[in-house]
Structures are given as structure tokens and as C-alpha cells.
């Protein structure tokens, strides 16, 4: 028999927390196995978001040898999500919606993704992100909506 996992939104209590520091945000990556596997690195924090970077490895390429669309989408999802989590002081949040616009193939070996958190409410948060290659060309843009989750589901402190 399959066990059902209930994910409850945390909207009844808004916790007042200080935003995470760069070091605290970087420490989240090893606790996110897929992001860690991709080698994502938080390189800069802003009041309204952050920048993630990654290097293209052979297993991250598609059949054409360019950055796989799933990795591109993950960069956007992770940059917005980690920006929201950092801004909320480590509150757990999960993706509700993700939209990605693929602009051009990612042929360069190094990519960075800058997120901007546009709205953080009691239950939902929304942000956008841009993925660029080493030359600064836009590879993709995207937006994501997150829901704050019950604190008992958090694996980090």
C-alpha cells in the first residue's frame, strides 16, 4: 500500500526572520541533492534575489552538445526558490508553478542565473530569473511561484 505524503501550506503564522547570509544560503546546496549533483553555486546575494552559477559537464548536455533544457529549467527554479528561501530566513518552500522561455542554445561552458523575488506574501512567493552564458547572452528567462510549507517538513535548520 502506497503511503500518502501531505504537504501543508504554512499560511497561518508568518514568522519574522532575518534573511539568510551568503554563507548560510551556500550551505543549503549540499542539502538539496539534485542541485548539489549539478554543481550549482551561489555566487552573490542581493536584497531581491541571488545569482547561481554552474559549469556545463558532458552529462548535462543534450544530444546536440548544448546545455540540456532540464538543467536550464533547474537553474531558474533553483535560483528563484533559493532566493525566496533565503529572503524568508530559511522557511521551507516548494514550487507551485514554473515557466521557462528558451531563447538560445547554451553552448558556452559556464552559466549564471540571476533571480529577482518580486512578491513574497504570507502563503505564496513569486520571482523571475534570467540565465546567461559566459559572454552575457541570454539563454533563457523564466518565472516561478512557490508556496511556503509547514516547518515540520524542513530538513535544514
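Here is how the numbers come out for the structure above:
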| quantity | calculated |
| --- | --- |
| So residue 140, is it modelled with pLDDT of 95 or more and either under 22 Å from residue 47 (Cα atoms) or in a loop (DSSP other than H, G, I, E, B) (or both) | no |
| Pairs where the first residue, in region 17-44, is more than 14 Å from residue 83 (Cα to Cα) and the second is part of a loop (DSSP other than H, G, I, E, B), C-beta under 8 Å, 6+ apart | 17/88; 17/89; 17/90; 17/91; 31/155; 31/156; 39/57 |
| Selection count where residues are part of a loop (DSSP other than H, G, I, E, B), in contact with a helix residue (DSSP H, G or I) (Cβ under 7 Å, 6 or more places away or on another chain) and at pLDDT below 95, scope region 20-61 | 1 |
| Selected residue [more than 21 Å from residue 134 (Cβ to Cβ), touching a strand residue (DSSP E or B) at 6+ places or on another chain (Cβ under 7 Å) and modelled with pLDDT under 95] from 98, 92 | 92 |
| Positions within region 88-114 being surrounded by 15 or more Cβ atoms within 10 Å (Cβ to Cβ) and assigned to a strand (DSSP E or B), in sequence order | 93, 98, 100, 102, 111, 112, 113, 114 |
| Close pairs from region 46-71: first on the phi > 0 side of the Ramachandran plot and in contact (Cβ under 8 Å) with a residue 40 or more places away in the chain, partner surrounded by 14 or more Cβ atoms within 10 Å (Cβ to Cβ) and assigned to a helix (DSSP H, G or I), Cβ under 7 Å, at least 6 apart | 49/83 |
| Residues of region 115-127 satisfying the condition of being closer than 18 Å to residue 40 by Cα and surrounded by fewer than 19 Cβ atoms within 10 Å (Cβ to Cβ) | 116 |
| Unmet criterion (only one of (1) outside any helix (DSSP H, G or I); (2) without any contact (Cβ under 8 Å) to a residue 40 or more places away in the chain; (3) buried (at least 17 other Cβ atoms within 10 Å of the Cβ)) for residue 135 | (3) |
| Count - residues of region 47-68 that are out of contact with any strand residue (DSSP E or B) (no Cβ under 8 Å at 6 or more places or on another chain) and surrounded by 12 or more Cβ atoms within 10 Å (Cβ to Cβ) | 2 |
| Any chance residue 83 is within 17 Å of residue 19 (Cα to Cα), without any contact (Cβ under 8 Å) to a residue 60 or more places away in the chain and not in a loop (DSSP other than H, G, I, E, B) | yes |
| Residue among 78, 86 that alone is at pLDDT 95 or above and farther than 19 Å from residue 139 by Cβ | 86 |
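The values are calculated or read from the model by the stated rules, or taken from the named source; none is laboratory data. Bear in mind that the values here come from a model prediction, so they are computed numbers and not experimental data. Glycine also receives a Cβ, built like all others from the backbone with ideal geometry; neighbour counts cover every protein chain displayed.
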